[in-house]
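Novice: Handing you a structure now.
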Amino acid sequence: MIAGIDYGSKMAGTTAIAIVVNGHLHLFSALKNRDADAFISKTLHANKVNLAGIDAPLSLPEVYSGRESKEYFYRACDKELRAMSPMFLGGLTARAIKLKAALEGEGVKLIEVYPASTAKRLHLEQFNYKKKEADYVQMLQILQPVLSFNSFDEPKNSHEMDAVLALHTTVLAADNQAQVTGKASEGLIFF
């Protein structure tokens with residue numbers, strides 16, 4: 001089973017997960033003032049997920065691994081996609097790296113995805129991606145051929161939509177069809 005995760009602050013209630021089960025696209029959202037990491041672990045295990053894509057940095061620039069580099073803020077993948085530096089995201093990056101280690105210890109592989117680049121590649125701006133008047137149903141129709149769902153929970157916000165985009169990218173990555181950028185020695189982002 002494959003999942004997509006939009007990773008938010010630990011207690012803010014902005015973390016969302018998308019999973020297709022028996023042809024239905026399910027959306028799960030963390031509750032405000034509840035531990036998002038525990039929510040992720042519980043939801044992935046309850047749905048027997050073995051691969052998940054998460055919209056969060058899962059590594060640091062290679063200089064922090066003892067490799068020679070002059071770049072202290074950005075990984076190659078961040079520069080290529082113009083993504084935010086893992087260093088600027090601080091605590092979220094540390095939590096994501098810790099979550100990856102915990103989940104992989106339990107048999108769940110975690111990959112880094114970037115829904116904003118997936119949305120750009122799929123031209124979802126035509127449906128007002130990340131805007132107040134976003135047309136999530138139109139976006140889902142674009143994603144349906146890859147996700148193969150017959151019915152769906154309609155996204156209620158951009159976090160749930162980004163979880164669906166994370167799922168879309170992770171399904172493609174599982175089939176070696178996703179676009180990918182970065183260096184294996186430092187960190188890859190799928191989109």
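What follows draws every value from the coordinates through simple rules; no lab data is involved. Everything numeric here is computed off the predicted structure, so don't read it as measured data. All Cβ positions, even for glycine, are placed from backbone atoms using ideal geometry, and neighbour counts span all protein chains on display.
Novice: Let me know the charge dipole size of the chain about its Cα centre in debye, to the nearest 20, where only the beta-carbon of Lys, Arg (+1) and Asp, Glu (-1) is charged.
Specialist: On the way: 21 positive and 21 negative charges, 62 e Å.
Charge dipole, the chain, about its Cα centre: 300 debye, nearest 20.
Novice: Between beta-carbons, use under 11 Å as the cut-off and find the net charge around D162, counting Lys and Arg +1, Asp and Glu -1. Each step should come with its number before you reach the end.
Specialist: Working: positive: K130; negative: D6, D55, E160.
Local charge sum for D162: -2.
Novice: Please tell me which of these pairs span more than 22 angstrom C-alpha to C-alpha: K42/K100; K10/K70; K79/K109; K70/K183; K70/K120; K10/K98?
Specialist: Working: K42/K100 14 Å; K10/K70 32 Å; K79/K109 25 Å; K70/K183 15 Å; K70/K120 30 Å; K10/K98 13 Å.
Beyond 22 Å between Cα atoms: K10/K70; K79/K109; K70/K120.
Novice: Treating only the Cβ atoms of Lys and Arg (+1) and Asp and Glu (-1) as charged, compute the dipole magnitude of segment 138-191 about its Cα centre; round to the nearest 20 debye. It would help to have the intermediate numbers written out before the result.
Specialist: Values: 2 positive and 6 negative charges, 27 e Å.
Result for segment 138-191 is approximately 120 debye, rounded to the nearest 20.
Novice: Could you work out how far helix 91-105 tilts from the main Cα principal axis of the chain, as a 0 to 90 degree angle to the nearest 10?
Specialist: Between helix and principal axis, roughly 80 degrees.
Novice: Assuming a viscosity of 0.890 mPa s and a temperature of 25 °C, what translational diffusion coefficient in µm² per second does Stokes-Einstein assign to segment 42-123, Rh being the Kirkwood radius over Cα pairs? Kindly include the intermediate steps, with their values, before the conclusion.
Specialist: Working: Rh = 14.0 Å.
The estimated diffusion coefficient comes to 176 µm²/s.
Novice: Oh, and also: By DSSP, what percent of the beta bridges with both residues in segment 2-190 are antiparallel, rounded to the nearest 5? Working shown, then result.
Specialist: Values: 14 of 25 bridges.
Of the beta bridges lying entirely in segment 2-190, close to 55 percent run antiparallel.
Novice: Turning to a different aspect of this structure: Separation of segment 74-135 and segment 26-70 by C-alpha centroid, Å?
Specialist: So the separation of the two Cα centres works out to 10 Å.
Novice: Still on this structure, I have one more. Return the equivalent ellipsoid semi-axes of segment 2-190 as a descending list in whole Å, where each equals the square root of 5 times an eigenvalue of the C-alpha gyration tensor.
Specialist: Details: eigenvalues 130, 71, 50 Å².
Computed over segment 2-190, the values are 26, 19, 16 Å.
Novice: Let's see if you can work this out: charge +1 on each Lys and Arg Cβ, -1 on each Asp and Glu Cβ, no other charges. What is the dipole magnitude of segment 1-66 about its Cα centre, in debye to the nearest 20? Display every interim value, and only then the final one.
Specialist: Details: 5 positive and 5 negative charges, 60 e Å.
Dipole magnitude for segment 1-66 comes out near 280 debye.
Novice: Additional query: Kindly express, to the nearest 10 degrees and within the range 0 to 90, the angle between helix 36-46's C-alpha long axis and the longest C-alpha principal axis of the chain.
Specialist: Roughly 60 degrees, rounded to the nearest 10.
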